[in-house]
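K.L.:
Before I ask anything, let me first share the structure, which is written out below as structure tokens.
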């Protein structure tokens, strides 16, 4: 924890649950002012109200990250309300059914690419200009270990997360001279609603129960377990920290050794 408050304005997409909600609470604890969005408006507002009760200034908006007008309006509302945007965390994402590439429904592919890759692109497109105007900024894109390696039976998800890593590196190359750092975080399995959904889908595809499916998934991780949300959130805080001022264009694996195999 920092020794003094960090009053930066931090925008987080997909903030209603999982890594996004964990990051919102962690940045709030540091004294940041928050802009939170999610497609689940009800859960988002519940979180926002809890944070406001604890003294955090929060702007919350229901946003579909695949909608460019909505992404643009979110940044405009941020600047109108706070007058600045210091940190943007593009976290919103979807999982996919476990299925072979040859059996992947093209509509599922398009939907996953639209949210997980295009949504990050649209976010950065509208987050970058005010950061350039300010001469500084931090962007963190949440990719996945599936964006660093192959991920059999998750081809659409892997393709989208590889795209996030590519977008991150391209933006970092463009923006370093503007004092804007752009990095990606690549978690493996973690205790989030998305992981529970993926485990249930895996169980359905194999005929196992949910516990058996989770055991088979976690057996692939050298540490023999999945991450906690807080372990990933701590990496998010460090990656975005002002003291971490010389790291850009990186895709950091937070995966219990999965990509080391």
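Any read-out appearing in this document is the output of simple, stated calculations on the displayed coordinates, not a laboratory observation. Note that this is a predicted model, so its numbers are computed, not measured. Every residue, glycine among them, receives a Cβ derived from its backbone with ideal geometry; neighbour counts consider all protein chains shown.
K.L.:
Most fluctuating residue of 54, 197, 45 in a GNM of the chain with Cα springs under 10 Å: which is it?
P.N.:
Top of the fluctuation ranking is 54.
K.L.:
Taking the chain as a Gaussian network, where each spring joins two C-alpha atoms under 10 Å apart, which residue of 47, 79, 11 fluctuates the most?
P.N.:
79
K.L.:
Tilt of helix 68-82 relative to the longest C-alpha principal axis of the chain, in degrees (0 to 90, nearest 10)?
P.N.:
40 degrees
K.L.:
Moving on. Over the chain, what is the mean sequence separation of C-alpha contacts under 8 Å (at least six apart), divided by residue count, expressed as relative contact order in percent?
P.N.:
It comes to 18 percent, rounded to a whole number.
K.L.:
Further question on the same structure: Taking a point 7 angstrom from the Cα of residue 241 along the C-beta vector, which residues in the range 30-51 have backbone N less than 20 Å away?
P.N.:
The answer is 30-33.
K.L.:
In terms of the Cα gyration tensor, with a ≥ b ≥ c the square roots of its eigenvalues, is the range 116-155 rounded because a/c is under 1.5, prolate because a/b exceeds b/c, or oblate?
P.N.:
Verdict is prolate for the range 116-155.
K.L.:
Taking Cα atoms, how many degrees apart are the long axis of helix 41-53 and the longest axis of the chain, rounded to 10 and kept between 0 and 90?
P.N.:
That works out to roughly 50 degrees.
K.L.:
If you bin the C-alpha pair distances of the range 126-201 every 10 Å from 0, what whole percents do you get?
P.N.:
Reading the bins upward from 0: 19, 40, 25, 14, 2.
K.L.:
Please give the contour-minus-distance gain from residue 100 to residue 260: 0.36 nm per residue of separation, less the Cα-Cα distance, rounded to one decimal in nm.
P.N.:
My answer for the length gained is 55.2 nm.
K.L.:
What is the Rg over Rh value, at two decimals, for the range 101-244, using alpha-carbon atoms and the Kirkwood definition of Rh?
P.N.:
Ratio of gyration radius to Kirkwood radius for the range 101-244: 1.02.
K.L.:
Something else now. Let me see the P(r) profile for the chain: every Cα-Cα distance counted, bins of 5 Å, each bin given as a percent of all pairs.
P.N.:
Cα pair-distance distribution for the chain, in percent: 1, 6, 13, 18, 20, 17, 12, 7, 4, 1, 0.
K.L.:
What angle do you read, to the nearest 10 degrees and between 0 and 90, between the alpha-carbon axis of helix 155-175 and the longest principal axis of the chain?
P.N.:
Taking Cα atoms only, the helix is inclined about 30 degrees.
K.L.:
Using a 10 angstrom cutoff on alpha carbons, build the Gaussian network for the chain and name the most mobile of 53, 78, 168.
P.N.:
53
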